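The structure appears below as structure tokens.
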Ligand code: FES
Ligand SMILES: [Fe+2]
């Protein structure tokens, strides 16, 4: 029987940016599981516990933190950072089953990753890397938008960038994006899909013209890597038309490099945390460029959010009977869907 859930379990997902987790209790639902996050005072480690008291379900995120323990705001059950209940009111004996789930976490590249599933966590060495987001060689802007649409809709959107021409015209879209064919490569064993689109002579969209200062035609490369199920990266290379690509030891020092990242983390079956980042290797200290890229990229993200929220509403209204029609540009998205299906079957 087909799985009823669309969320692969026994996977690492991005739960937050590192900077979001501190002393305060942070509530966030990940893959349908309500979780409270905070940072341990001594070790600095990110603690993640089920956000429901075992007594009467009161959210621990609405309770008080004392040292590294949480005292439930309803009747005072007290939990340590491993989720074990240390004290209950009115009796000395603490029931053996009084514990909340503690989740494994791992911080890397400015993200807090969390292991979702009942199996033991897979080694953290397998979590995909995105070093530029925490590197001083890049300047990064980032945000997180709540998306009232399922993970698969955001994945479809990101795997096919031809929509830039239509949905993001005047921002990142130009005619060449939709016109240029893609190459798609699926590494099902490694859980990675790669989609490339190399435009040798293209218009420079405002997003890149204003941030780089380039005024003429450009070569524009888009190399996508999707590490299922959560991390998406778009390696973007922009150079004046005619500036040769890197090859045979030839440096790429006349090109501008932008690393666009997304972490696609299901919040529920029909909503998603849309984490987005833009890292650049030029104008590192230019505050105007930083502000421009943050604002402009957020507008682009919101154009997608509005479109995908609308599609989710239509799925709810129309039901599952809709017959899609796919074309060449969908090769990456279809490969990503096959990968997710595989993960669902395995989880
Ligand atoms: S609900 Fe938490 S102590 Fe009662
Ligand atoms: Fe988009």
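Does at least one position in segment 144-163 carry a residue that is farther than 18 Å from residue 303 by Cβ, part of a strand (DSSP E or B) and more than 16 Å from ligand 2 (Cβ to nearest atom)?
So far as segment 144-163 goes, no, none of its residues is farther than 18 Å from residue 303 by Cβ, part of a strand (DSSP E or B) and more than 16 Å from ligand 2 (Cβ to nearest atom).
Please go through segment 93-126 and pick out each residue that is over 30 Å from residue 264 (Cβ atoms) and either within 16 Å of ligand 1 (Cβ to nearest atom) or part of a strand (DSSP E or B) (or both).
Scanning segment 93-126 gives 93, 94, 95, 97, 98, 99.
Which of the numbered conditions does residue 43 fail, given that it passes all the others? Conditions: (1) without any contact (Cβ under 8 Å) to a residue 12 or more places away in the chain; (2) in contact with a strand residue (DSSP E or B) (Cβ under 7 Å, 6 or more places away or on another chain); (3) exposed (fewer than 14 other Cβ atoms within 10 Å of the Cβ).
Single failed check for residue 43: (2).
Among the residues of segment 60-71, count how many are within 9 Å of ligand 1 (Cβ to nearest atom) and closer than 11 Å to residue 36 by Cβ.
2
We did not get these values from a lab; they are worked out from the coordinates using the rules stated. Not measured: the values here are computed from a predicted model. Don't worry about glycine lacking a Cβ; one is built from the backbone with ideal geometry, like all the others, and counts go over all protein chains shown.
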